[in-house]
Amino acid sequence: MKPKSEWRILVVDDEPANVRFLERLLEYDGYSDLIVATSGSAALGLALGNQPDLILLDLHMPEVDGYEVLDILRSSAGSNVYLPILVFTADVTVQARKRALQLGASDFLTKPGDAQEILLRVRNFLMIRDLHQQLSDRNSNLEQLVSLRTRELEDSQIEIVERLAQAGERRDDMTGEHTFRVSRLSAQIGAAIGMSDRDVKLLKLSSRLHDIGKIGLPDSILLKPGKLTRSEFLEMQLHCLIGAQILAEGRTPLLKMAERIARSHHEKFDGTGYPDGLAGEQIPVEARVVAIADVYDALTNTRPYKPAWTHDDAMAEISNQRGLHFDPLMVDAFFAIMSRPENAQFSTND
């Protein structure tokens with residue numbers, strides 16, 4: 001506990017004799033940082049501007065009385081701030097005591113008061129304030145530590161996801177940029193349809209794992225330069241289930257969303273997609289978002305089995321698939337996004 005001279009005490013009383021008594025008593029006991037107010041309005045200004053550690057408050061004063069001071073100070077104080085207010089009054093009625101305590105008085109002393117009792121009450125309340133301050137400081141330090149650890153955990157999650165996405169991507173895209181482009185477009189679509197900032201952030205990261213299941217497919221299928229046979233196409237479809245299995249039973253919102261995307265990003269709005277034949281809003285919303293971003297990027301970039309389409313041709317195809325392959329809401333949001341000046345680069349591959 002800090003020295004008595006470092007505690008700031010506000011004495012409030014409209015009677016000069018009472019003020020002098022308390023000042024001398026407190027100074028005699030070692031308290032030197034004293035503030036004096038002889039009216040309720042002055043007390044409020046000093047209390048709000050000087051941050052006292054304890055207030056000795058008279059109740060009956062002209063204009064703004066001690067009850068109003070109590071009410072205003074308790075209403076303006078933060079929930080995590082402990083400010084002891086010791087009422088010191090000649091009013092010994094039960095009603096005065098109850099009202100003062102109801103308004104937030106820490107304790108109640110009657111004038112003229114016993115000097116030793118006053119000093120003991122002051123010391124005890126300052127000890128309690130000191131403990132509250134220590135606890136507040138520890139909580140603040142703990143919050144900072146938790147925040148730091150949370151950021152470190154988030155950074156490590158991001159790094160792991162990015163490296164895992166790159167590992168899976170290099171099976172059929174040596175540039176490793178497909179998942180990055182899909183995640184960027186997915187985040188823009190998610191924001192455009194009203195997803196929360198938190199979910200958009202998760203979507204941007206988790207969508208990078210949409211094709212992680214391809215690490216379980218052979219190169220003869222992934223890198224085949226021509227059209228897949230029916231049996232090969234059925235095997236290709238397994239990458240959705242493989243990806244979901246890899247990401248299954250994740251405990252974080254990130255991995256749970258990534259699992260839903262990996263499993264369902266090839267479902268179609270009309271129910272003709274795979275692997276589960278889901279339709280409409282049965283398809284997780286994040287998977288409906290990624291479906292458009294994935295198809296657009298696949299169409300406009302060279303793949304082993306096809307050349308790149310032009311931007312206009314890809315946009316026309318997505319428009320034609322509105323309500324069939326794609327959720328109309330997502331298509332409308334996607335077209336709105338592509339009309340923005342900052343996305344003009346997507347049309348430069350024509």
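The values are calculated or read from the model by the stated rules, or taken from the named source; none is laboratory data. This one's a predicted model, so the numbers in the text were calculated from it and none came from an experiment. So basically every Cβ, Gly included, is an ideal-geometry build from the backbone, and we count neighbours across all protein chains shown.
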Six or more apart or on different chains, Cβ under 6 Å: which pairs go from a residue in the range 106-123 that's closer than 14 Å to residue 21 by Cβ to one that's aromatic (Phe, Trp, Tyr)? Could you list them? 109/88
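Tell me which helices (runs of 4 or more DSSP H) are completely within the range 259-350 and hold 3 or more residues being under 33 Å from the mean Cα position of the chain (by Cα) and of a type in the set (Val, Ile, Thr), or say none if there are none.
Working: elements: 285-299, 311-320, 328-338.
Where helices (runs of 4 or more DSSP H) fall fully within the range 259-350 and carry at least 3 residues being under 33 Å from the mean Cα position of the chain (by Cα) and of a type in the set (Val, Ile, Thr), they are 285-299.
Give 130, 107 a once-over and let me know the one that is under 28 Å from residue 1 (Cβ atoms), of a type in the set (Asp, Glu), in contact with a strand residue (DSSP E or B) (Cβ under 8 Å, 6 or more places away or on another chain) and surrounded by 14 or more Cβ atoms within 10 Å (Cβ to Cβ). Outline the logic, then answer.
Details: 130 fails: in contact with a strand residue (DSSP E or B) (Cβ under 8 Å, 6 or more places away or on another chain).
Unique residue meeting the criteria: 107.
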Being in contact with a Ser or Thr (Cβ under 6 Å, 6 or more places away or on another chain) and in contact (Cβ under 8 Å) with a residue 24 or more places away in the chain narrows 165, 192 down to just 165
With the requirement that a residue be basic (Lys, Arg) and assigned to a loop (DSSP other than H, G, I, E, B), what does the range 197-245 give you? 224, 227
Filtered residue count, the range 164-192, keeping only those that are modelled with pLDDT of 70 or more and within 13 Å of residue 297 (Cβ to Cβ): 12
Which numbered condition in (1) assigned to a helix (DSSP H, G or I); (2) hydroxyl-bearing (Ser, Thr, Tyr); (3) at pLDDT 90 or above is the only one that residue 75 fails? (3)
Residue pairs qualifying under the 8 Å Cβ cut-off, at least six apart or on distinct chains, with the first in the range 312-329 being more than 17 Å from residue 189 (Cα to Cα) and the second being at pLDDT below 95 and of a type in the set (Val, Ile, Thr), are none
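Based on this model, can you work out whether residue 163 counts as outside the structural domain of residue 216 (by TED's automatic domain parsing) and over 20 Å from residue 258 (Cα atoms)?
Values: outside the structural domain of residue 216 (by TED's automatic domain parsing): yes; over 20 Å from residue 258 (Cα atoms): no.
Spelling it out, it is not the case that residue 163 is outside the structural domain of residue 216 (by TED's automatic domain parsing) and over 20 Å from residue 258 (Cα atoms).
The rows are residues; the columns are (1) within 16 Å of residue 125 (Cα to Cα); (2) buried (at least 22 other Cβ atoms within 10 Å of the Cβ).
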| position | (1), (2) |
| --- | --- |
| 8 | yes, no |
| 17 | no, no |
| 25 | no, no |
| 31 | yes, yes |
| 50 | no, no |
| 64 | no, no |
| 68 | no, no |
| 73 | no, no |
| 76 | no, no |
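Please verify whether the range 31-44 includes one or more residues that are aromatic (Phe, Trp, Tyr) and over 14 Å from residue 11 (Cβ atoms). Explain how you work it out, then say what you get.
Here is the first cut: in the range 31-44, the ones aromatic (Phe, Trp, Tyr) are 31.
In the following step, the residues that additionally are over 14 Å from residue 11 (Cβ atoms) were identified as none.
The answer is no, given that none of the residues of the range 31-44 is aromatic (Phe, Trp, Tyr) and over 14 Å from residue 11 (Cβ atoms).
Looking only at the range 88-124, which residues are more than 28 Å from residue 27 (Cβ to Cβ) and among the aromatic types (Phe, Trp, Tyr)?
Applying the first criterion (more than 28 Å from residue 27 (Cβ to Cβ)) to the range 88-124 yields 93-99, 101-103.
Scanning the range 88-124 gives no hits.
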